[in-house]
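Single-structure report; data block below.
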Amino acid sequence: MAESEGLFDVPGRTGGGSLSDQSHRGAPLAVRMRPRDLDDLVGQSHLRADGSPLRRLVEGDHSMSLVLWGPPGTGKTTIAGIVSRQTERRFVEVSAVSAGVKEVRAAIDAARAQLAAGGAETVLFVDEVHRFTKAQQDALLPGVENRWVTLVAATTENPFFSVISPLLSRSLLLKLESLTDADIDGVVTRALEDERGLAGAVDLDQVAREHLVRLAGGDARRALTYLEASAAAAEAVRTSTDDRPRITLEVAETAVDQAAVRYDRQGDQHYDVTSAFIKSIRGSDVDASLHWLARMVEAGEDPRFIARRLVILASEDIGMADPTALPTAVAAAQAVQLIGMPEARLNLAQAVVALASAPKSNAVYMAFEAAAADVRAGKVGSVPAHLRDAHYGGAKKLGHGETYVYPHDVKHGVAQQQYLPEPVRDAAYYRPTSHGAEAGVKDRWERIRSIVRGVRNGR
């Protein structure tokens, strides 16, 4: 029998899979605790909902290939196993790291032969499918096209960039979301109590639990690996066989070789550290900014939260002083989504350095707030007649657009013309600074304003 056979075997049926039997005590805790059906799957409520494509696939036994896209430890391998188990299909895995076109074709040929002999259908699981070359992905197409296999391809990278279009068009794309701290806490609780896990034989202190949940960073597999290592460490240090092993914070730190960062993501520390982070970037202290970034990353802060704060800061505190700040921050946010942690920490760090070292201006923020204050105060007025839409029948009879000056028809492309409504016709919301690139904007805007408003030496 091939080494890959044996997973998800169904009594009375032949089948196989590439992962070892989940039930034996020597299997890793993360393997033993792998959910066996959709109802046991942690998180991903949008995939488990009644009537969802995945539930219809599993419960309706339809043959449909899947591309699973999501961060590590969110259940991609688990879903492949659930599809195999609940639909009584054979499970075969092909490694995108080590397999070539030959191995892919061999797996599909074996599945085709199994079908021809009246045997079970096959779930072909390809982990890290983004590592496959185009030729290797092409080799999957006949099996998917002819439904010789139910392909389940998993990737942590955006499949629109890493998976060939013919394969995507023949598969159902399911996006998995990062697990929440509550999800991970539930995974830990189940592993502590379940007979497949630690079966209630180990105690876990609350502070140690919080530490493990933070370190997991939304990765269920990592949480279980850390819990298993901590349980073994607790067993090793207990002084009496009469005492139950207890995982303290110190034991957990030793087991995973990473000290706890004192940081409460729901309490004062969360807001204090975030405040220090933003104020350090605003204050142009690159070193301090990187320190607070590291504090948040090491504590398991959601990288998407960090990225959102950088995008906001780029416009609020830098603005036109360095117009590249916003695209830099947005690129970092996209990298977090595309790559995920831990690699994306470098993208965040680069953005932090760029934003902290950039010239600063809050002129854009102040300009909008001033404009919004006038609107809230009721200074709105009517749209000037020459600015109103003149493209419908009867508009000209109403005088709409009649005196409008087309800027491209005049010198410099700037016309003297009233654009603001009457109550705020002389408003000067945007007041550029002389910092960085905004100095050039300041000079240009003052000259443009003087032409538009019909004044010289304008404000």
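Observations
- In the set (1) in contact with a Gly (Cβ under 9 Å, 6 or more places away or on another chain); (2) farther than 18 Å from Asp40 by Cβ, the condition left unmet by Gly81 is number (2).
- Test for Thr133: is it closer than 30 Å to Leu338 by Cβ, within 24 Å of the chain's Cα centre (by Cα) and open to solvent by 10 Å² or more (accessible area, probe 1.4 Å): no
- Qualifying residue in region 194-206 (condition: touching a strand residue (DSSP E or B) at 6+ places or on another chain (Cβ under 9 Å), open to solvent by less than 10 Å² (accessible area, probe 1.4 Å) and farther than 19 Å from Asp40 by Cα): no
- The set of residues in region 332-350 being of a type in the set (A, V, I, L, M), open to solvent by 50 Å² or more (accessible area, probe 1.4 Å) and under 21 Å from Ile281 (Cβ atoms) consists of Met341, Leu346.
- Boolean, Ser171 is in contact (Cβ under 8 Å) with a residue 24 or more places away in the chain, among the polar types (S, T, N, Q) and touching a Ser or Thr at 6+ places or on another chain (Cβ under 6 Å): yes
- Checking Ala182 against (1) open to solvent by 10 Å² or more (accessible area, probe 1.4 Å); (2) touching a helix residue (DSSP H, G or I) at 6+ places or on another chain (Cβ under 8 Å), the condition it does not meet: (2)
- Checking the stated criteria, Val83 turns out not to satisfy the condition of being open to solvent by 60 Å² or more (accessible area, probe 1.4 Å), within 23 Å of Lys175 (Cα to Cα) and under 26 Å from the mean Cα position of the chain (by Cα).
- Members of region 82-109 found to be closer than 26 Å to Leu54 by Cβ and part of a helix (DSSP H, G or I), listed by number: Ile82, Val83, Ser84, Arg85, Gln86, Val104, Ala107, Ile108
- Residue check, Ser98 open to solvent by 60 Å² or more (accessible area, probe 1.4 Å) and not aliphatic (A, V, I, L, M): yes
- Checking each residue in region 109-142 for being of a type outside the set (A, V, I, L, M, F, W, C), at pLDDT 90 or above and under 20 Å from Arg85 (Cα atoms) picks out only Arg112.
- Meets criteria (surrounded by 15 or more Cβ atoms within 10 Å (Cβ to Cβ), under 29 Å from Gly73 (Cβ atoms) and charged (D, E, K, R)) for Arg304: no
- Entry remark, region 431-453: residues being in a loop (DSSP other than H, G, I, E, B) and among the hydroxyl-bearing types (Ser, Thr, Tyr) number 2 in total.
- Check on Tyr365, of a type outside the set (D, E, K, R), at pLDDT below 90 and surrounded by fewer than 16 Cβ atoms within 10 Å (Cβ to Cβ): no
The values are calculated or read from the model by the stated rules, or taken from the named source; none is laboratory data. Just so it is clear, the structure is predicted and the values come from calculations on it, not from any experiment. With ideal geometry, Cβ positions are generated from the backbone for all residues, glycine too; neighbour counts draw on all protein chains shown. Heavy atoms of the whole protein, side chains included, go into the accessibility calculation; ligands, DNA and RNA do not. Shrake-Rupley method; radii C 1.70, N 1.55, O 1.52, S 1.80 Å.
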